[in-house]
1. Using each residue's phi in the range 397-409, evaluate 6.51 cos²θ - 1.76 cosθ + 1.60 at θ = phi - 60° and report the 3J(HN,Hα) Karplus result to the nearest Hz, with x for Gly and Pro.
2. Could you tally the net charge around K246, taking each other residue with its Cβ under 14 Å from the Cβ of K246, Lys/Arg +1 and Asp/Glu -1?
3. Return the distance in nm (one decimal) between the two label points of a simple spin-label model at Q513 and M381, each offset 7 Å from Cα along Cα→Cβ.
4. Could the peptides 78-90, 395-407 be put in order, highest first, of the mean number of other beta-carbon atoms found within 10 Å of their residues?
5. Once you keep just the Cα pairs under 8 angstrom separated by 6 or more residues, what percentage relative contact order results for the chain?
6. Could you give the radius of gyration (one decimal) and Dmax (whole number) of the Cα atoms in the range 73-117, in Å?
7. Give the shape of the range 424-509 as rounded, prolate or oblate, defined through the alpha-carbon gyration tensor: a ≥ b ≥ c are the square roots of its eigenvalues, a/c under 1.5 means rounded, and otherwise the shape is prolate if a/b is larger than b/c and oblate if not.
8. How long are the semi-axes of the equivalent ellipsoid of the range 258-414, taking √(5λ) for every eigenvalue λ of the Cα gyration tensor, in whole Å from largest down?
Amino acid sequence: MSIKREIERRRTFGIISHPDAGKTTLTEKLLLFGGAIQEAGAVKSNKIKKGATSDFMEIERQRGISVATSVLAFEYEGIKINILDTPGHKDFAEDTFRTLTAVDSVIVVIDVAKGVEAQTEKLVEVCRMRNIPMIVFINKMDREGKDAFELLDEIEQKLNLRVTPLSFPIGMGYDFRGIYNIWEKNVNLFSGSSRKNIEETIEIEDLANPELDQLIGTDAADTLREELELAEIYPKFSREEYLEGKLQPVFFGSALNNFGVRELLDCFVEIAPKPRPKESDTRVVKPDEKDFTGFVFKIHANMDPKHRDRLAFVKIVSGVFERNTPYLHVRNGKKLKFSSPNAFFAEKKQIVDISYPGDIVGLHDTGNFKIGDTLTEGEEMNYKGVPSFSPEHFKYINNADPMKSKQLDKGIDQLMDEGVAQLFTLELNGRKVIGTVGALQFEVIQYRLEHEYGASCRYENLNVHKACWVEPDNPKSDEFKEFKRVKAKFLAKDKRDQLVFFADSAFSLQMTQSKYPNVKLHFVSEYK
Ligand code: GDP
């Protein structure tokens with residue numbers, strides 16, 4: 001098959017949601033449609049469960065699962081679908097943000113009763129800023145929840161989206177009868193008292209058709225007609241607008257009951273984007289270019305502590321990736337060959353000879369890769385857009401075992417490359433500070449340093465509200481000199497030697513910004 005055809009038939013996306021909205025259940029149903037798994041329960045939840053086990057054991061369990069669920073690929077009607085895993089837990093939000101740099105579109109899952117929740121807001125904001133095409137799936141329609149219009153309003157207001165329903169629920173909760181599919185103009189009914197099965201799909205081109213009354217009763221039919229008339233105030237669906245991230249189609253359903261999922265999937269494969277061009281520091285790269293290029297968006301440490309190898313996840317942006325072919329690791333200028341690249345199928349990984357744009361390959365790595373690294377056939381360029389975010393939790397990290405300081409340094413170095421946290425060095429005294437997006441990461445780091453590197457660390461509290469990257473308009477200005485002098489105690493360098501300011505409170509951050517207007521403070525590392 002030609003490369004063009006392979007690109008055409010690929011859809012690489014992520015499902016984002018607040019924990020418990022139904023992401024795992026939906027993923028599983030999608031895999032069932034693709035015939036990639038045979039039964040429900042095959043996809044393990046990657047959630048951090050609070051409970052009997054202590055947090056870090058839970059994280060280890062989760063890490064074991066997340067190797068398996070990092071990429072779930074399957075075929076559906078000739079389309080190759082790659083679902084990239086995005087942890088919903090807020091402490092792992094950074095992983096999710098980075099994964100979003102490797103997707104071409106997303107599906108947002110919202111719980112009908114809970115509506116828009118905190119984590120959904122954060123993740124959607126990132127997608128909105130990047131104009132990633134989004135489809136919204138309102139889940140758990142078999143439960144009592146908010147009214148459809150109220151939810152659509154809430155999505156518009158809280159998520160700042162422009163929505164258009166492509167399906168519409170007939171009743172909800174106990175009275176949930178089914179779905180009117182606006183996209184395909186047909187009705188799907190829930191059947192039986194258990195409501196577990198989809199009855200047949202009935203084409204209703206014209207809503208005035210009395211068959212609708214017979215199917216769902218006159219009252220429900222009239223309500224549906226009224227509601228669909230009201231729904232006409234929403235903009236008409238336009239694929240262009242969806243692809244530009246300016247319009248978001250909405251579907252209703254119940255993942256658990258496998259209801260409305262096929263409608264979602266059928267529409268998804270039709271409208272969702274194939275692999276898209278990506279910007280690098282020198283140019284925009286198109287997927288159908290001849291030469292292979294790709295970038296690392298995730299690094300996963302091997303679960304076996306005796307073999308300290310890792311799996312670097314590379315999204316293929318252009319050309320064809322081939323096994324045993326030397327590629328340039330642009331950051332360190334080395335050519336590297338990969339003898340056993342992994343591709344991902346449902347929950348298994350396999351060695352592949354060849355992969356195409358949109359696909360993810362897992363490369364075994366002994367410490368060459370950092371998140372954000374670019375691979376090419378020789379071209380000197382770097383992909384943009386795998387940023388670090390301002391951490392919000394900070395601690396000094398001290399060596400607790402003087403005999404193991406080398407191990408500690410190596411461990412910290414590698415964990416930072418994996419993106420578990422960020423390391424800062426204070427300008428004033430050279431002390432090392434770990435900054436994380438979530439509080440759980442401190443336990444992860446301590447546990448992994450001990451188990452994988454034989455090192456032990458001690459934390460010491462440090463009162464920092466937020467770290468931001470500093471960019472003076474003019475590095476020679478008196479204003480910047482004064483900023484550096486006055487704030488000397490609060491300045492540090494990150495691993496790339498970029499200057500970082502530690503604000504000890506929201507108030508001091510604000511004051512600093514207004515006092516030094518020509519010294520820009522950024523909340524993502526990649527601001528240039
Ligand atoms: P995740 O945290 O977003 O991955 O959510 P899960 O898929 O693990 O689902 C969270 C809970 O909601 C589980 O108990 C599911 O069985 C349940 N759930 C998922 N979809 C539905 C649905 O359509 N209806 C109902 N009633 N429950 C659902």
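1. 10, 10, 6, 9, 9, x, 6, 10, 6, 4, 4, 5, 4
2. +1
3. 3.4
4. Highest-to-lowest ranking by the protection proxy: 78-90, 395-407.
5. Worked out over the chain, it gives 13 percent.
6. Expressed in Å, the Cα Rg and Dmax of the range 73-117 come to 13.1, 37.
7. prolate
8. After diagonalising the Cα gyration tensor, the semi-axes are 31, 21, 18 Å.
Every read-out reported here was derived from the displayed coordinates using simple, explicitly stated rules and does not represent laboratory data. What you see is a predicted model; the values in this text were computed from it and never measured. So basically every Cβ, Gly included, is an ideal-geometry build from the backbone, and we count neighbours across all protein chains shown.
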